[in-house]
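Worksheet: one structure, shown below.
Please treat every number below as a calculation from the coordinates, not as lab data. Owing to the predicted nature of the structure, the values given are computational and were not obtained by experimental measurement. Counting neighbours? That spans all protein chains shown, and the Cβs are built from the backbone with ideal geometry, glycine included.
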């Protein structure tokens, strides 16, 4: 019997023809060669996996033919088997008797199929003597006859182990393919479905067999199918796998868009020939939705985080509105506007029309992600900065009325596809409206976007409301601060005064800087410059209290050091609920108390006497005064700085300086010479350098100083007080010393009369004589030592009577029966002002009369005398 030839391994060339293992084209099925017909089949068939062998048994029961596959299966060459009894050669001794019976039956003409264990003889030198290899074969025995008519048999043998392996592999493959929870499809080289599992069929409908022969066009849209087909062809051509390819489509009976993650890899036969592409798909629609939700949540958190960092960096309304739009455009929307109530911008607490949403609004900010595209979200375009209002029935007005977001329908033919009108609510008050719009092609606003928009608007609203409240408080503080400063250009005897006050820039709070010019008796003037540490309304209020205290203390005609000592006590009382006494007790109990609760202030207080041109300075931690003498460079006066007001515990020192005629004195606060970018020493040198030409008009000098130091100020308030010395001329002063005797009263009247006539002040003679008599008489009665009479002429006429007594005169009301006690009452009735002050060697009593022609009328002495009775 002839041997079954082994198949030649074949594949396909690019043209699709069968190719043998040598690379030559395989013979066609109808090809003939030498009278034999050869069947050509592609490699990878079942015979490539199953090892099939054949041999034949002659009439004598001996092997007479042994195929090459038999040699490979049993490992025995033909020369060792031919002519031998197969039972004796392969069957173990304990099974030989039964084997012989079966062989007799076969040779009798019976077919037989069964599993036969066999023994493989050990190859020479392969195993120790006496050992053999056990095998298991499935044998198909078919009776036949020889040419002579004798009975023989043909045997076909298959290795059982190979069969069992194939069965196991098939079962495992079927389990994996059929039981997979993912859609599993095998696509052949023609890109048609060869096999699909139940999971795939359950998604797309029908049975597993219904999907055989279909293409991807049967499941996907045309464009998506073309993309997948191109990928399948690439996988077939290159063998490169594709992982997690996103495929989008829908399933029968539903319009819902579904998403699948698909893995593709090329599948080969046992011989290595590509037979198709495996498709493993997973439905990731929910996972995509969850990922999209997570991405939206991350974006929203990022926007909120950015809003918290970028919105409200300043206390300016317009800047805060622009910061909101910088955050949302283009990250959240394509267009956005901010409208604020005009009444709130003007400082009103509740603008009219707020309840029904029809109040006027002003557009303070606008942003667009589309270049040169007008915003069409409102009923009509509104220019930036324009004042407008929304119609009552519009969704914008409804959002303002209800304080809830509204969706605005998109107009036809415009760029806008979706708009949200979101009210800006802060502290239960609607302050304005924000519009967020998206153009066509963008995703419309959803509920999640609506909540985010409301949160962004609320954050901006709080910042805007804080800025509005700050602006209101800032303006009130400025009004308070300026109301406490000297009105207009102050005047002083013997001084030419010029002053400047500049508040800090709009981004800072008001400060506690102040200055004052106080007229003192005897044509003397108190010059004051101070600075309360800290900022805001409280600092401005503290400044006002200290300024009022300074004026009160100045009217008591105290020495500069005494004024600052009293101010120090007052400053400590400002920060303590119990006042000055409680502050003093607290300071005594603990010197280490926290000074942050105490109002600290610096102050320089100077008293200028226009007669002697002497100025007495006292300093409480303030910058030193600057003096410019004629023809000399500017210099800082060496005035002991002392401790700031409110610290307490240290006395203040005084320094007296004689000021030459025409010299320039400058008092200032630290805002003029100090800033974050310029140290104090640099600012002081720049200030001194700006006073090189002090002979010019004082107003020009002030402007030059501020222009020169422009880079040094702007962050803090600035107070600048400049005075040019112009002492009283000698002819405006009358000074006499009187002995302590009764005749001095008459001499005093004569001196006064003659001096007033010399000054051409005859209308004042009678009143002046009467009042001089009263003061000199009191000095003789109640005073001590010599009496000094001094008349001063400037803006008014002042009379001073000096003596060495320490008892201050006290005005009292005399009874009708009293013969005296009416002198000081008469002085008070006839003079414009009167008073007394202590001196280093006694006291001074003075009165002041207005000059003829002034608005203040002069009292008639006769009527004044009669009014006392």
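Sorting check: for 518-525, 644-651, which peptide has the highest mean count of neighbouring beta carbons within 10 Å, and how do the rest follow? Could the numbers behind the result be given before it?
Values: 518-525: 20.9, 644-651: 18.8.
So the peptides 518-525, 644-651, ranked by packing, come out 518-525, 644-651.
One chain, two ends: residue 740 and residue 384. Fully extended at 0.36 nm per residue, the span grows by 119.8 nm beyond their Cα-Cα distance. Ranked for footprinting exposure by Cβ neighbours inside 10 Å, fewest first, 54, 250 give 250, 54.
Ordered by packing density, taken as the mean number of other Cβ atoms within 10 Å over each peptide's residues, highest first, how do 306-318, 206-218, 558-570 rank?
On the way: 306-318: 17.0, 206-218: 14.5, 558-570: 21.3.
Result, highest mean first: 558-570, 306-318, 206-218.
Is region 180-283 rounded, prolate or oblate when judged by the Cα gyration tensor, a ≥ b ≥ c being the square roots of its eigenvalues, rounded requiring a/c under 1.5 and prolate requiring a/b larger than b/c?
Details: a/c = 1.78, a/b = 1.41, b/c = 1.27.
Cα axes put region 180-283 in the prolate bin.
Rounded, prolate or oblate: which fits region 619-689, taking a ≥ b ≥ c as square roots of the Cα gyration tensor eigenvalues, rounded meaning a/c under 1.5, else prolate when a/b beats b/c? Oblate, since a/c reaches 1.5 and b/c is not below a/b.
With a Förster radius of 45 Å applied to the C-beta separation of residue 142 and residue 265, the computed FRET efficiency comes to 0.55. Residues of region 144-185 falling in the label zone of residue 286, defined by backbone nitrogen less than 19 Å from a point 7 Å along Cα to beta-carbon, are 180-184.
Could you put 440, 102 in order, starting from the residue whose Cβ has the fewest other Cβ atoms within 10 Å?
Details: 440 12, 102 18.
Ranked by crowding around the Cβ, least crowded first: 440, 102.
For region 268-297, the residues whose backbone nitrogen is under 13 Å from a point 7 Å from the Cα of residue 191, taken along Cα to Cβ, are 277. By the count of other C-beta atoms within 10 Å, a proxy for reagent exposure, 608, 396, 265 are ordered fewest to most as 265, 396, 608.
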